[in-house]
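Here is the structure we will look at.
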Amino acid sequence: MVEVENLTKYYGDLAAVDGVTFAAQKGEILGFLGPNGAGKTTTMRIIAGFMPPDRGTARVAGYDVVEDSVEARRHLGYLPENVPLYDDMTVGHYLTFFAKLRGVSKKQLRACVEAALEATDVAEREHWLIGKLSKGFRRRVGIAQALVHNPDVLILDEPTEGLDPIQVIAMRDLIRKLRGQRTIFLSTHILPEAQAMSDRIVIIDRGRVVAIDTTHNLTTRLQRVHRLRVEVRGPRTEVQARLNALPGILRVDSRDTRDGATVFDVEGSMETDVRERISTTIVKNGWALLELDTREMTLEEIFLELTRRQRPAGASQEVAKV
Amino acid sequence: MKAVLTIAEREIRSYFTSPVGFVVLAGFLLITGFFFYVPLALEHGTLRPMVQNTTVYLTFLLPALTMRLLAEEKKTGTIEILMTSPVTEAQAVLGKFLGVCAFYVVMLVATLQFPLVLSVARATSGTPIFPGYVGIIILVGTLTTAVMAAVTPGNRPLPWVAAGFALALVIVTILAIGKLPESGPVITGYLGLFLLGASFLAVGLLCSALTRNQIVAYVVGLVLLLGMLIVDWMSDWVRRSVPWIAEVISYISVRQHLENFAKGVIDTRDIFLYVSLMVLCLALTVRAVATTRWK
């Protein structure tokens with residue numbers, strides 16, 4: 001549905017997007033993840049046909065966004081990051097305008113507008129002026145606009161940006177609900193968002209793709225140590241010494257909790273499962289094992305790991321701020 | 001073509017839902033009414049002074065209509081959604097131009113009351129003051145309608161305006177039993193006013209495409225149009241010393257070409273000037289919109 005090949009775009013001398021290549025299948029939600037200024041918006045604008053690339057090609061539903069620009073644009077709906085809508089129009093008029101503009105026939109006009117209102121849950125605001133809507137409703141009207149002509153591809157730039165936590169959850173549900181046969185391509189700089197909303201993630205940094213994979217694969221591929229969180233009631237130094245002595249354990253950190261127990265962050269090697277050894281050791285010594293939990297690598301860590309590999313050593317400080 | 005009309009329709013609608021449209025319309029009617037009434041009361045009853053003076057105040061009013069057309073879209077970013085819809089730059093620009101032209105036609109139609117009043121004046125030439133009063137009553141009527149519509153947001157104002165104008169026209173037509181005297185110059189005068197206004201709007205639209213700031217778009221548009229007027233005045237100063245410059249200026253002067261229309265003369269040269277100015281500005285606007293996307 002969306003095929004991007006070697007996409008490059010310069011702003012002056014700076015390559016905002018540098019040889020980006022990826023593809024999204026039909027019915028897939030593809031998350032585009034990267035820090036602010038990584039080139040996400042530029043890539044999306046190129047795919048949406050708003051600006052042409054300097055090099056490379058992008059195709060939407062098989063149509064080149066430069067060569068067959070108008071035809072490609074017929075098959076996509078796009079919502080820019082800051083949700084620019086015509087504030088002096090009512091929601092209904094606004095959706096009707098874009099449905100007409102994108103070639104919905106007169107007969108289907110009303111049905112299309114109603115379907116978009118329903119899908120995004122804004123039907124009760126149909127006669128409101130857009131300028132009077134709250135941020136959450138505004139964003140939903142923006143999404144309604146993008147799908148009013150029933151496009152194959154939805155491009156959403158930072159769909160959860162600026163929403164409160166409840167609205168963020170509603171937005172995630174909405175996006176999952178919209179999937180169906182559509183390809184949804186969304187961007188975010190918030191890592192758990194990408195994890196929660198998308199099937200596959202494209203990680204981009206400074207205009208280059210650093211990884212494309214499912215969230216699960218990304219975590220397992222990069223994981224080099226087994227991380228465990230062990231909560232124990234017992235003498236801290238002694239427990240730590242015993243755990244450290246076990247075979248297969250690489251590192252143990254500890255800290256006290258408020259209710260007198262101790263939490264040990266344990267790193268074990270990937271080859272052996274050290275959980276059994278830990279639990280028996282603790283129980284045998286008569287201490288109380290309160291919790292034993294495997295910790296997967298967070299996307300923050302994945303992101304730092306991936307970008308650190310790509311960057312020269314001196315640049316790592318900058319990454320840490322992300 | 002469907003895309004062009006869809007965009008044009010949205011623009012017209014937005015003139016009737018924002019205060020700008022009403023303010024410009026009301027101001028236009030007020031000034032036009034003044035320039036119609038004064039010569040009528042004082043001396044001869046023709047439309048020529050009104051048509052000629054119009055050039056000057058259209059220079060100030062029309063850029064106010066065009067300033068937001070593209071500058072606002074660029075500032076708020078709505079142009080991103082518009083231009084990622086399947087429309088070409090030319091369609092978008094043409095749609096906006098047609099939209100603002102249609103609003104300008106509404107403005108001109110609103111002044112049709114003046115020639116009608118004039119015909120009443122001729123029909124009942126014994127009482128020349130009476131029709132003037134009728135004109136003023138109608139003017140007040142239309143303004144009231146416009147204001148009524150403007151202060152009731154959310155309601156559809158178009159029916160209000162239509163009802164106001166319809167009422168005004170019915171009253172005047174009933175009064176205008178006599179036929180319209182000098183109808184030729186009136187018709188050509190309106191044709192000239194339309195062409196002049198449309199080319200002013202094209203200049204304004206171009207200015208709106210060059211900036212994200214509406215005030216800048218207004219001022220640049222105003223300066224360009226004023227420049228065209230000043231060039232026209234200059235032709236009078238240099239007529240004695242360098243006649244050929246005055247000659248050249250008279251070919252490109254938007255004001256002098258309107259004079260022919262006001263006299264009742266349709267000259268293809270006059271039409272050509274306005275149309276070519278429009279085409280030039282619209283073509284440049286299309287390029288300007290394309291360039292903002294390229295960056």
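No lab work stands behind these numbers, since they all come straight from the coordinates. Just so you know, these numbers come straight off a predicted model, no measurement behind them. Cβ atoms come from the backbone with ideal geometry, glycine included; neighbour counts cover every protein chain shown.
Suppose R0 equals 56 Å; then what is the FRET efficiency for A:Arg176 and A:Val263 from their Cβ-Cβ distance, rounded to the nearest 0.05?
Details: r = 35 Å, r/R0 = 0.62.
With a Förster radius of 56 Å, E is 0.95.
Label-to-label distance for A:Glu291 and B:Val231 is 7.9 nm, based on points extended 7 Å past Cα in the beta-carbon direction. Which value results for Rg/Rh of the range A:225-295 when Rg is the Cα radius of gyration and Rh the Kirkwood radius based on the inverse mean 1/r? For the range A:225-295, the value is 0.92.
Note on B:73-83: average number of Cβ atoms from other chains within 10 Å of each residue's Cβ is 6.
The 3J(HN,Hα) values that the Karplus relation (6.51, -1.76, 1.60; θ = phi - 60°) gives for the range A:269-275 are, in residue order, 6, 6, 6, 10, 8, 8, 5 Hz. Gly and Pro appear as x. For the range A:225-295, the dipole from Cβ point charges (+1 on Lys and Arg, -1 on Asp and Glu) about the Cα centre works out to 120 debye, to the nearest 20. Rounded, prolate or oblate, given the Cα gyration tensor of chain A, with a/c below 1.5 counting as rounded? It is prolate, given that a/c is not under 1.5 and a/b is the larger ratio.
Applying 0.36 nm per residue to the separation of A:Asp199 and A:Asn217 and subtracting their alpha-carbon distance, the gain on full extension is 5.4 nm. Backbone phi angles across the range B:76-88, fed through the Karplus curve with coefficients 6.51, -1.76 and 1.60 (θ = phi - 60°), yield HN-Hα couplings of 7, x, 4, 4, 5, 6, 4, 7, 9, 7, x, 10, 7 Hz in residue order; Gly and Pro are listed as x. Amide H contacts under 5 Å for A:Ile204: A:Leu33, A:Gly34, A:Val210, restricted to partners 5 or more places along the chain or on a different chain, H placed in the peptide plane at 1.01 Å from N. In this label model, B:Arg269 and A:Ala241 are separated by 11.1 nm, measuring between points 7 Å along each Cα→Cβ vector.
The mean count of C-beta atoms from other chains within 10 Å of the C-beta of residues in B:17-24, rounded to a whole number, is 1. Between the listed residues B:Thr188, B:Ser208, B:Val275, the Cα displaced farthest toward the positive end of the dipole of the range B:174-295, a dipole computed from Cβ unit charges relative to the Cα centre, is found at B:Ser208. Considering only A:Pro53, A:Leu14, A:Thr42, the residue lying farthest towards the positive end of the dipole of the range A:1-65 is A:Thr42, judged by Cα position with unit charges set on Cβ.
When Rg and the Kirkwood radius Rh are both evaluated on Cα atoms of the protein assembly as shown, their ratio Rg/Rh stands at 1.17.
Computed about its Cα centre, the charge dipole of chain A is approximately 240 debye, with only Lys, Arg, Asp and Glu carrying charge at their Cβ.
In this structure the amide hydrogen of A:Val17, modeled in the peptide plane, comes within under 5 Å of the amide hydrogens of A:Lys9, none closer than 5 places in sequence on its chain. Its Cα centre serving as origin, the protein assembly as shown has a Cβ charge dipole (Lys and Arg +1, Asp and Glu -1) of approximately 460 debye. Placing unit charges on the Cβ atoms of the charged side chains and taking the dipole of the protein assembly as shown about its Cα centre, the candidate lying farthest along the positive direction among B:Leu112, B:Ile252, B:Ala3 is B:Leu112. Couplings for the range B:11-18, taken from phi via the Karplus curve 6.51 cos²θ - 1.76 cosθ + 1.60 with θ = phi - 60°, read 5, 4, 4, 6, 5, 8, 10, 10 Hz in order; Gly and Pro are left as x.
Using the Cα gyration tensor of the range B:180-293, with a ≥ b ≥ c the square roots of its eigenvalues, what is the shape: rounded (a/c below 1.5), prolate (a/b larger than b/c) or oblate (neither)? Numbers along the way, then the final one.
Numbers: a/c = 2.25, a/b = 1.41, b/c = 1.59.
Oblate shape, in that a/c is at least 1.5 and b/c is the bigger or equal ratio.
Remark: B:Trp233, A:Trp128 ranked as B:Trp233, A:Trp128, counting other beta-carbon atoms within 10 Å and listing the fewest first. Per residue of peptide A:81-88, the mean number of Cβ atoms on other chains within 10 Å of the residue Cβ is 5. Determine which lysines satisfy two conditions relative to A:Lys26: a Cα distance under 25 Å, and not lying fewer than 8 residues away in the same chain. The qualifying lysines are A:Lys40, A:Lys177. Taking the number of Cβ atoms within 10 Å of each Cβ as an exposure proxy, the fewest-first ranking of A:Met270, A:Met171, A:Met51 is A:Met270, A:Met51, A:Met171.
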